[in-house]
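Structure first, then comments.
The values are calculated or read from the model by the stated rules, or taken from the named source; none is laboratory data. The shown structure was predicted, so the numbers you read here are calculated from the model rather than taken from an experiment. Virtual Cβ from ideal backbone geometry, glycine too; neighbours counted across all protein chains shown. SASA here: full protein model, heavy atoms, side chains in, ligands and nucleic acids out. Shrake-Rupley method; radii C 1.70, N 1.55, O 1.52, S 1.80 Å.
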Amino acid sequence: MKPTNTSDPTYFHKVVDCQWACPAHTPVPEYIRLIAHGRYTEAFLINWESNVFPGILGRTCDRPCEPACRRGRVEEKPVAICRLKRVAADNRGVVDHLIPRKGPGNGKRVALIGAGPASLTVARDLLPLGYDCVLIERDRKAGGLMRKNIPSFRLPVAVLDEETDRILDMGATPRFGEEITSMKALLDEGFDAIFVGTGAPRGKDLNVPGRKEASDNVHIGTDFLSAVSFRHIEEIGKRVVVIGGGNTAMDCCRTALRLGADSVTVTVRSPRADMKASPWEIEDAEREGIPILDNHAPKEFRLEGGKLVAVVFEKMRAEYDDTGKRRLVPTGEPDVVIPCDDVLMAVGQENSFPWIERDIGIDFDVREAPVVGKVDFQSTRPGVFFGGDAAWGPENIIWAVAHGHQAAISIDLYCQGQDLMQRPAPTTTLISQKMGIHEWSYDNDPTNSRRLNVPHADPALALRDLSMEVELGFDPGQALLESRRCLNCDIQTVFSTNLCIECDGCVDICPVDCITFTPNAEEAELRQMLRVPAQNTDQDLYVSDTLPTARVMVKDEDVCLHCGLCAERCPTGAWDMQKFLYNEAHASTARLPEQEKKHVA
Amino acid sequence: MTHIVKPQFRHPRLATNSQGLTRRDYEGVISTLCAGCGHDSVTAAIVEACFELELPAHRVAKMSGIGCSSKTTNYFLNYSHGFNSVHGRMPSVATGANLANRELTYLGVSGDGDTASIGIGQFVHAVRRRVNMLYICENNGTYGLTKGQFSATNDRASKNRKGLDTPFDSIDLCNMAIELGAGFVARSFSGDKAQLVPLIKAGIRYKGFALIDVISPCVTFNNHTTSTKSYEYVRDHNHMIGRLDLVETSAEIEADYAPGTSADVTLHDGSQMRFTKLDESYDPTNRETILPALERYRQRGEVATGLLYLDKREADLHELIGTPDQPLNEIDERALVPGSGPLAAINAAHR
Ligand SMILES: Cc1cc2nc3c(=O)[nH]c(=O)nc-3n(C[C@H](O)[C@H](O)[C@H](O)COP(=O)(O)OP(=O)(O)OC[C@H]3O[C@@H](n4cnc5c(N)ncnc54)[C@H](O)[C@@H]3O)c2cc1C
Ligand SMILES: Cc1ncc(C[n+]2csc(CCOP(=O)(O)OP(=O)(O)O)c2C)c(N)n1
Ligand code: SF4
Ligand code: SF4
Ligand code: SF4
Ligand SMILES: [Mg+2]
């Protein structure tokens, strides 16, 4: 293999598994260390820079970082990254004076349609540059699905208000309570750019016999949740069936319970292992006593005297063909009849744009989805951008934020007449953490403690109250224990070939056998030649230049604990522990002169 | 030395042996030696060898004297017996222990000071008596623990860190051991585990006195450019006379090799030693030719490494003096206290 080019920022960035996996590339280990030190405000600000909604995401994030977390490869469970974020938000000091305001007007006006997380992020990034950001939202308040669909027992309204207001207060121009019904008309208003952040507003339906006749008691899940959040629905039948296995289904069933249903049953067509809902959401529903029946495909809504009385299900079984493709086939067992008063259907959402005329240069593909650039988020009409669920269908908040950041960069480049493909580079620093002989600026002694569970509110109370938050969050003591579990993956092991005397000290001391000195070979072969063969090909090999004995140093990044023992054991300083700080470029900082790119924290 | 305890985390796919143990289960406490010390590499090689031999750690006795090298018995085989003796006295303690319990595996670790200076009188007799043990001398040409005085194995040509010469010739422990009756004599380099690990395995399996003189650089006091025991010097002057492999069962011996370059030797316990010659002219089983050959390497300034001598007879102290088969702690009271009849007979024989 060729020697690793560590001057390419992606190499060390990939080692920071959580940050690499985070769509917004939040510098996770950096803020976790700050939490361990009780520096919650700084930890909050790092999050605010990257993901805009620390309090919201600290409760609701889909957390792609956690399955990626190295700790999950070294012991059983990843660091509770998401819940630590909440600790920073819950315990931070005053930050108002640290939040930038709208900059001196630059004469450009940008329309942001929909005030969900995607549009709010665009506003957050463009306001400091002096853009007039006009937020046009059908509802009376900002937040999008975070307000309408995520129930307040998971996300308290106060937290949502605080974090949406923080952006509005920077100086956005709201046009709330206004629905855009014609893109043409909006274009005529002469905005310099338009961002479509309207989400994926249409809940899917199921065409099953009896559906139409039973429509009084069959509700689309997302519509139901919105109606509950706007208090248009305040009660529900005693027996409720929820159809669907995603997160919406989990929110529907828990909401139904709190509206007074006696029995709630979730039914899923597919086997349980294939359910779309996050494992922790399933766990939360089951903890509240809600049964989840898998392999149940809805077959008929049964009515008596014109009123819904039950849903009939056919039992299914998954079969896989040679290519591993799944097919659901009926098992032939007798149908299952579940008596009920109301049905909630949570079988997916799609984006729809009846209000965008098809003759104004904004192209849609065969599936009626807009054609959007993967890098610049621009539609086929220059100056019109898409992001969040509106771009490629339902995702989650953190993806909406990541899209928002990129779209803001594009809008800024577009308004300044620059090439959209010349994206600003991230800022990175790589600094030795050595403080003395065997002393490091970070806690290099990995703790053995296991992942802590977040304490929950008393279910006897929580199940009766729609707005009582179920999770209580870690207290500072628990936060300290949990944050110490982080393996500091951003503290990189940096190797200098010219200093190494090949004494083997580092090989011998490494607790997880990361390091091997070996003759060089092609990657596939080299992976087999290591002290422990490197089977996890998602993780890179760090290969040195050729050493005096004609061998190379190969480090498998897979399970490195960043304990620094290699560097402590090295007599010549050929290994050093260096902190790699990676900050994604944002519109608000991208065009600042180099020396001012320093981040708030 | 480091301030933290070595983390307990292991590689999730770390191999286990038939004892259900991983390599890390053969470790000891974290080393307090200087970073980069060759002795730590020897420790790692011992760990690797014991793991590969699948030794039950509780049936091993680690013996040592005083010195940085002698300290290292604390850094491997945490679950073994151990005796850290007075400076230079390990050979006698090991002899006594071995006589008392012949069933343990004896692993002695010493330094060039501990062995060739204060302990030389003890060392030669353990060799001569063919105590069944592997004796590893971690040879750095200096007294590391007492901060860098010349030791008796330091070469005439090798200056100390301040540039001073030694007026004395060096002792070559391997030559001496061959002459005194050691059955297995090898030299190796701490920086070459590929060579060292199989030598340690074979030395442990060998019945009789086995010596491995491991050149093990002292990074702090004897790794300078004018030293002949530095990493760089040993790498540049290393002359490998052969490669040794230990094959545990005969079923595995199938690899082909060029005729005349390889010889297999079956040890008393059935394991096979395969010796592959790298230097055609050198035959480690021929006592007559090896000493002159070693002298030639020395004169050329080469450090000959590998298995230098092997006595296939494998005779040990117990055999030579005809001791009972069991360890003393297993001999029952009746055998140990034969009663007044036999005592009277013994006494009569001395009248
Ligand atoms: C039940 C449910 C639970 C969820 N739970 C989570 C969770 O726990 N964690 C997570 O990360 N994600 C969750 N999601 C997904 C997440 O809410 C969305 O992915 C995210 O909100 C998308 O953000 P967005 O900015 O693209 O659009 P949205 O949040 O959908 O906002 C779009 C806004 O545009 C407005 N709008 C639409 N059309 C127009 C128009 N023509 N004129 C004016 N305004 C308009 C809408 O009123 C809306 O306010 C959940 C989704 C659902 C349905
Ligand atoms: C009886 C006695 N004399 C002297 C000493 C001082 N002393 C301690 S270690 C040592 C030399 C050790 O040298 P070596 O065996 O080569 O070990 P190294 O530290 O080099 O590995 C000496 C002289 C002692 N501890 N005991
Ligand atoms: S251990 Fe810490 S830095 Fe590493 S992936 Fe997990 S959270 Fe991120
Ligand atoms: S920091 Fe060094 S010693 Fe520690 S696990 Fe990583 S490679 Fe091994
Ligand atoms: S400890 Fe340092 S000098 Fe020794 S092999 Fe490792 S990197 Fe090289
Ligand atoms: Mg010494």
Practice item. Could you list, in sequence order, all residues of the range A:4-29 that are assigned to a helix (DSSP H, G or I) and either of a type in the set (Val, Ile, Thr) or surrounded by fewer than 23 Cβ atoms within 10 Å (Cβ to Cβ) (or both)? Key: A:9, A:10, A:11, A:13, A:14, A:15, A:20, A:21, A:28
Study note, to complete from the structure: Inside the range A:519-558, the number of residues satisfying the requirement of being surrounded by fewer than 15 Cβ atoms within 10 Å (Cβ to Cβ) and hydroxyl-bearing (Ser, Thr, Tyr) is 3
Review point. Quick one: how many residues across the range B:296-335 are under 23 Å from residue B:187 (Cα atoms), within 22 Å of the chain's Cα centre (by Cα) and open to solvent by 60 Å² or more (accessible area, probe 1.4 Å)?
Key: 3
Exercise for review: Check whether at least one residue in the range B:12-27 is in a loop (DSSP other than H, G, I, E, B), open to solvent by less than 30 Å² (accessible area, probe 1.4 Å) and within 14 Å of chain A (Cβ to nearest Cβ), and report yes or no.
Suggested key: yes
Study note, to complete from the structure: Of the residues in the range A:76-88, those that are assigned to a helix (DSSP H, G or I) and either of a type in the set (D, E, K, R) or surrounded by fewer than 24 Cβ atoms within 10 Å (Cβ to Cβ) (or both) come to A:82, A:83, A:85, A:86
**Study point:** Residue tally, condition in contact with a Gly (Cβ under 7 Å, 6 or more places away or on another chain) and at positive phi, over the range A:388-416
**Key:** 1
Review point. Pick from A:81, A:46, A:32: which is touching a Ser or Thr at 6+ places or on another chain (Cβ under 6 Å), away from ligand 6 (no atom under 16 Å from the Cβ) and over 28 Å from residue A:140 (Cα atoms)?
Key: A:32
Check your understanding: Would you pick out the residues in the range B:99-126 that are surrounded by fewer than 24 Cβ atoms within 10 Å (Cβ to Cβ) and either within 16 Å of ligand 1 (Cβ to nearest atom) or among the hydrophobic types (A, V, I, L, M, F, W, C) (or both)?
Key -> B:99, B:100, B:104, B:118, B:120, B:124
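Identify all residues within the range A:315-349 that are among the hydroxyl-bearing types (Ser, Thr, Tyr) and surrounded by 10 or more Cβ atoms within 10 Å (Cβ to Cβ); write none if there are none.
Matches in the range A:315-349: A:331 only.
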Check your understanding: How many residues are open to solvent by less than 50 Å² (accessible area, probe 1.4 Å) and either within 14 Å of chain B (Cβ to nearest Cβ) or free of Cβ contacts under 8 Å to residues at least 12 places away in the same chain (or both) if we restrict to the range A:434-454?
Key -> 8
Study note, to complete from the structure: Out of (1) open to solvent by less than 70 Å² (accessible area, probe 1.4 Å); (2) more than 16 Å from ligand 5 (Cβ to nearest atom); (3) touching a Leu at 6+ places or on another chain (Cβ under 8 Å), the one residue A:462 does not meet is (3)
Exercise for review: Within the range B:34-48, identify whether any single residue is out of contact with any Ser or Thr (no Cβ under 9 Å at 6 or more places or on another chain), open to solvent by 40 Å² or more (accessible area, probe 1.4 Å) and more than 16 Å from ligand 2 (Cβ to nearest atom), and answer yes or no.
Suggested key: no
Point to revise | Residue within the range A:449-470 that is more than 16 Å from ligand 2 (Cβ to nearest atom), over 30 Å from residue B:232 (Cα atoms) and touching a His at 6+ places or on another chain (Cβ under 8 Å) present | key: yes
**Study point:** Qualifying residue in the range A:268-288 (condition: in contact (Cβ under 8 Å) with a residue 40 or more places away in the chain, more than 29 Å from residue A:115 (Cα to Cα), among the β-branched types (Val, Ile, Thr) and touching a Leu at 6+ places or on another chain (Cβ under 9 Å))
**Key:** no
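Those residues that are among the polar types (S, T, N, Q) and without any contact (Cβ under 8 Å) to a residue 12 or more places away in the chain, I need them from the range A:536-575; list them, please.
Answer for the range A:536-575, where residues must be among the polar types (S, T, N, Q) and without any contact (Cβ under 8 Å) to a residue 12 or more places away in the chain: just A:537.
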